[in-house]
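None of the figures in this text is laboratory data; all of them are computed from the coordinates on show. Keep in mind that this is a model prediction, so the values were computed, not measured. Here the Cβ positions follow ideal geometry from the backbone for every residue, glycine too, while neighbour counts run over all protein chains shown.
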Ligand SMILES: Cc1cc2nc3c(=O)[nH]c(=O)nc-3n(C[C@H](O)[C@H](O)[C@H](O)COP(=O)(O)OP(=O)(O)OC[C@H]3O[C@@H](n4cnc5c(N)ncnc54)[C@H](O)[C@@H]3O)c2cc1C
Ligand SMILES: [Zn+2]
């Protein structure tokens, strides 16, 4: 692998940047691998990387129906944080945030990580109670959450001029999560892809899995793709909103529903907001990108959806809510809008698990799962390699449904 | 924006409705079915790329509840398998 450094940058500048090595290979597709991972998004690529790096597995293929990093990882609003609710969730996300902060060094790829704090704007007493409750649990696991007054909130976010005493929902105060940050989503996909490739992992783009193949004993035997059959004794489904589409072909029924989550960005403006602002009672959140755009997210569409655009109703509701707290944003021109389909589990916690089909693993239910990519990849690799769950994700297997022992989570910002 | 057919008010804008979730199978007697069937009833919703049956509530209209079939890939309201 060609290392990236100031020196390599200078050297390549001398030759007009025409001699950079390719970041990953495009090898021919083999008929069989030890492990096949379906989906070259954040979770699939990170799982491949850690399987090769931490667990010594070499014969791995990642199959991607489009291009790597072109799924939800390209559509997300890059909020990285650990202010979740449950004892099971918080340590997992604390680990993931820490791994993200070290990822530039780990992968020798500039993640442009910007640790910048998330501030919740609280407008109802029920929310205030829920967040204070989260604070007590987060304290145990070393995640940060502190209440601040409305005055302090307005000092930290000068553009927050709405939500006064006469508003329908006056601001009651805020919560500050200093661990939160944003980074560059493409770098995460490309960094893991390049790192995995250097360790021998094969990434096959334009390779769509059409169905799972089971052997005579019922165990997984491989996958059928548009480029032919690929055999493997272990198959990992890492396809985000399409989990059930893929697992249905092996006759599995999973507690997952697919929904469309949306976002939009404004034209770039001068630095205005230096924290991630989350307004859960009004139903939107945003941060300002390094380029100056406001990156804004709202609630999902009502009901299940495999669409990837934003519905006019959802868009208008989100904009209306935003203008009630940030009236000056009325002058912002909005540039682009999009959606992505994500699956959410019955209890809103992720599922990283073996399945009833021996050798078949899933990583799913990633509603807000960008922040989970490093820890999700590491712990899933542990499960796939060792056959036993990693302690950080042991609560997130399918076993919990068998025992009706749900891990009901409310830390997923916009999920209802 | 969906145009939802209310049996009392006719076709009305989606913004007058609240989504009431998917229509579920009839609740079984937990003592009469296997544990697996009970867990499936509680946790599993059909998740097709295609028609799903769901409840909608005309909350900012006449207040009635209705069910419809909607295609998850297009959001079009479609004929369900039992519709004539
Ligand atoms: C608008 C929006 C905002 C978001 N904001 C945040 C946020 O601020 N913070 C956060 O933590 N998370 C956020 N998320 C969630 C986050 O994007 C996802 O949880 C995460 O990207 C999912 O994991 P992934 O990267 O592996 O998925 P993806 O990038 O979707 O990867 C799955 C891959 O599988 C491929 N695939 C699917 N089917 C097949 C098949 N049959 N064969 C082969 N390949 C297949 C797809 O093409 C895709 O590339 C947001 C999501 C959206 C849509
Ligand atoms: Zn009506």
- request: Using a 10 Å cut-off on Cβ to Cβ distances, tally the other chain neighbours for every residue of A:396-404 and report the average as a whole number.
  value: 2
Computed FRET value (nearest 0.05) for residue A:267 with residue B:34, which takes r as the C-beta separation and R₀ as 41 Å: 0.10
query: Counting other C-beta atoms within 10 Å, which of A:386, A:400, A:86 has the fewest, and how do the rest follow?
result: A:386, A:86, A:400
Inter-label distance, nm, simple model (7 Å from Cα along the C-beta direction), residue B:67/residue B:82: 0.5
message: Can you sort A:24, A:367 from fewest to most other Cβ atoms within 10 Å of each residue's own Cβ?
response: A:24, A:367
query: In whole Å, how far is the Cα centre of the range A:153-170 from that of the range A:2-44?
result: 47
message: Considering all alpha-carbon pairs of the range B:3-79, what whole percent are spaced by more than 13 angstrom?
response: 70
- line: quick note, the protein assembly as shown, DSSP beta bridge pairs, % antiparallel (nearest 5) is 75
field: Values of log10 I(q)/I(0), in the order q = 0.14, 0.18, 0.21, 0.25 Å⁻¹, for the range A:232-329 under a Debye, Cα-only, solvent-free model
entry: -0.66, -0.88, -1.04, -1.29
- request: Just rank A:192, A:145, A:370, A:49, fewest to most, by other beta-carbon atoms within 10 angstrom.
  value: A:145, A:370, A:49, A:192
Degrees, to the nearest 10: A:125-140 long Cα axis against longest axis of chain A: 50
- line: Measuring from the longest principal axis of the C-alpha atoms of chain A, the long axis of helix A:42-55 (C-alpha) lies at a number of degrees, nearest 10, equal to 60
- line: Given a Förster distance of 41 Å, the FRET efficiency implied by the Cβ-Cβ spacing of residue A:331 and residue B:18, rounded to the nearest 0.05, works out to 0.80
query: Where does helix A:185-198 land angle-wise versus the long Cα axis of chain A, in degrees 0 to 90, nearest 10?
result: 20
- prompt: When the Cα atoms of chain A are enclosed in a convex hull and the volume is divided per residue, what value in Å³ results?
  reply: 145
- line: Of A:59-66, A:35-42, ordering from highest average Cβ density within 10 Å down gives A:35-42, A:59-66
- line: Helix-only [θ] at 222 nm, chain A, -39500 (n - 2.57) per DSSP H run of 4+, per residue, nearest 500, equals -8000 deg cm²/dmol
message: Which residue fluctuates most in the GNM of chain A (Cα springs below 10 Å): A:89, A:26, A:305?
response: A:26
query: Other chains near B:4-17: what is the mean number of their Cβ atoms within 10 Å of each residue's Cβ?
result: 1
- prompt: Counting partner chain Cβ atoms within 10 Å of every residue's Cβ in A:252-259, what's the average?
  reply: 5
task: Determine the distance separating the Cα centre of the range A:269-300 from the Cα centre of the range A:356-382; give it in Å without decimals.
output: 28
query: Full extension from residue A:186 to residue A:67: what is 0.36 nm times the residue separation minus their Cα-Cα distance, to one decimal in nm?
result: 41.6 nm
query: Say each of residue A:155 and residue B:57 gets a label point 7 Å from the Cα, pointing the same way as Cα to Cβ; how far apart are those two points in nm?
result: 4.2
